[in-house]
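Just below is one structure, and these are the notes that go with it.
Values quoted throughout were computed directly from the atomic coordinates according to the rules given, and no laboratory measurement underlies them. Since this is a predicted model, take the numbers as computed values, not measurements. Here the Cβ positions follow ideal geometry from the backbone for every residue, glycine too, while neighbour counts run over all protein chains shown.
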Ligand SMILES: NC(=O)c1ccc[n+]([C@@H]2O[C@H](COP(=O)([O-])OP(=O)(O)OC[C@H]3O[C@@H](n4cnc5c(N)ncnc54)[C@H](O)[C@@H]3O)[C@@H](O)[C@H]2O)c1
């Protein structure tokens, strides 16, 4: 099978390339390389690599592709707020255009990486795919509008599917420590302190980044009539946690670390506990390989192996917002100087 992944050099995309290559699929990666130099371990290369903006992909480049897995995005809430216009341009307009040209090129399946953060300020707990959406950021709003725009393109030949992913955690060769569980473990490991920026009460569904990649693979193999145009929460009912529960699990691994509530962000308005019954119903054989405890243990071992330091934790390399901000500043300076 020929698969094109956008964002194949990201936190989730690097796992996805490896899983597809293991299966023997032909993989084309398209990535702008925004986080060039940020890799933690070496990456598995796709068969073909297009280092470019996915918004510039042509019909020719999509010819003979069976499935597009669209992950490239301004990929979290704070990054989305950094430049709202860019967020809508990439996550919304760019994504719909990519789906349109994929359809014109004859691509049969289009798997879109959406997010449970579109439930935002959850009105009640145990949200399913029919629950109201309450986005509290440009990022979440862009994902909702993209889902709606792409859904309109579905027909008997074109199968879009929307993966509403839980918040990811865990090891990836393109590590991120700006995700809640990785952040709490990183701060405990490097500072002997578990710093919680909210009041610790918000609920989050969590999933290992490799399990998100596994869900993409499973949805590529599922019969089209089962999944066509479905929005599907990706995660597990047992993997919903309050931030303070995550802190407790981190403390079990590093008992000397103190839990400190910094109150920096006040009460986080995003609060969502999510149900995954539809995923179980549509893909009865799909199970997560990780729970949070297993994923934290694995990352803890990796931190030890890499001597992960306070400088690593406080630096730019593993925090997408900091790297993106630097890149955007560079672009503005270049523009100002006519470069
Ligand atoms: N990580 C999570 O917790 C999480 C949760 C839910 C949904 N998602 C979604 O999954 C997807 C992947 O997330 P991630 O954590 O791997 O993000 P990431 O930031 O690690 O990777 C995104 C990749 O996309 C690339 N990219 C960005 N804009 C591009 C463009 N215009 N053209 C080509 N490449 C571009 C970047 O260079 C990067 O390699 C995103 O759509 C994100 O919104 C992530």
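Using just the Cα positions, wrap region 30-80 in a convex hull and report its mean projected area in square nanometres, one decimal place.
On the way: hull surface 19.1 nm².
Spelled out: convex hull of the Cα atoms, projected over all directions, averaged, 4.8 nm².
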Report summary line: Using alpha-carbon positions, the gyration tensor of region 1-52 gives root eigenvalues a ≥ b ≥ c; with a/c under 1.5 called rounded, otherwise prolate if a/b exceeds b/c, else oblate, the class is oblate
Query raised in the report: In degrees between 0 and 90, to the nearest 10, how far off the longest principal axis of the chain does helix 209-221 point, with axes built from Cα atoms?
Result: 20 degrees
Report task. Report the Stokes-Einstein translational diffusion coefficient (µm² s⁻¹, integer) for the chain, Rh taken as the Kirkwood radius over Cα pairs, at 37 °C with viscosity 0.692 mPa s. Result -> 162 µm²/s
Report task. Figure the gain on full extension for residue 51 and residue 221 (residue separation times 0.36 nm, minus the Cα-Cα span) and round it to one decimal in nm. Result -> 58.5 nm
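Neighbouring Cβ atoms within 10 Å as the yardstick, rank 47, 31 fewest first. Provide the component values of the computation, followed by the final result.
Numbers: 47 14, 31 24.
The most exposed by this proxy come first: 47, 31.
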Query raised in the report: With the calculation restricted to Cα positions, what are the radius of gyration and Dmax of region 166-208 in angstrom?
Result: 10.7, 31
Report task. Order by neighbour count: 319, 3, fewest other Cβ atoms within 10 Å first, most last. Result -> 319, 3
Query raised in the report: Most mobile of 230, 238, 317 per a Gaussian network model of the chain (Cα springs, under 10 Å)?
Result: 238
Query raised in the report: Among 55, 214, 164, which one moves the most in a GNM of the chain with springs linking Cα atoms closer than 10 Å?
Result: 55
**Report entry** the chain: angle of helix 95-105 to the longest principal axis, Cα-based, in degrees nearest 10
**Finding:** 30 degrees
Report summary line: Per 5 angstrom bin, beginning at 0 and ending with the bin that holds the maximum distance, the Cα pairs of region 165-308 fall in percents of 2, 10, 19, 21, 17, 14, 9, 5, 3, 1, 0
Requested in this report: Round to a whole angstrom and tell me the spacing of the C-alpha centers of region 107-147 and region 13-31.
Outcome: 25 Å
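Can you give the calculated 222 nm mean residue ellipticity of the chain, where each DSSP H run of n ≥ 4 adds -39,500 (n - 2.57) and the sum is split over every residue, rounded to the nearest 500 deg cm²/dmol? Numbers along the way, then the final one.
On the way: 14 runs with 132 residues, N = 339.
That calculation yields -11000 deg cm²/dmol at 222 nm.
Normalised by the empirical 2.2 N^0.38 Å for globular proteins, what value does the Cα Rg of region 42-111 take? Present the calculation step by step, with values, prior to reporting the outcome.
On the way: Rg = 13.3 Å, N = 70, 2.2 N^0.38 = 11.1 Å.
So region 42-111 has a normalised radius of gyration of 1.20.
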Report task. Translational diffusion coefficient, Stokes-Einstein: compute it for region 1-124 using the Kirkwood radius over C-alpha pairs as Rh, at 4 °C and 1.567 mPa s, and state it as an integer in µm² s⁻¹. Result -> 86 µm²/s
Query raised in the report: Over region 207-287, what per residue volume does the convex hull of the Cα atoms give, in whole Å³?
Result: 122 Å³
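Could you put 261, 88 in order, starting from the residue whose Cβ has the fewest other Cβ atoms within 10 Å?
Values: 261 15, 88 19.
Listing 261, 88 from fewest to most nearby Cβ atoms yields 261, 88.
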Query - region 79-179: C-alpha gyration tensor shape, a/c 1.5 cut-off, then a/b vs b/c - result: prolate
Query raised in the report: On a 0 to 90 degree scale, rounded to 10, what angle separates helix 13-23 from the longest Cα axis of the chain?
Result: 60 degrees
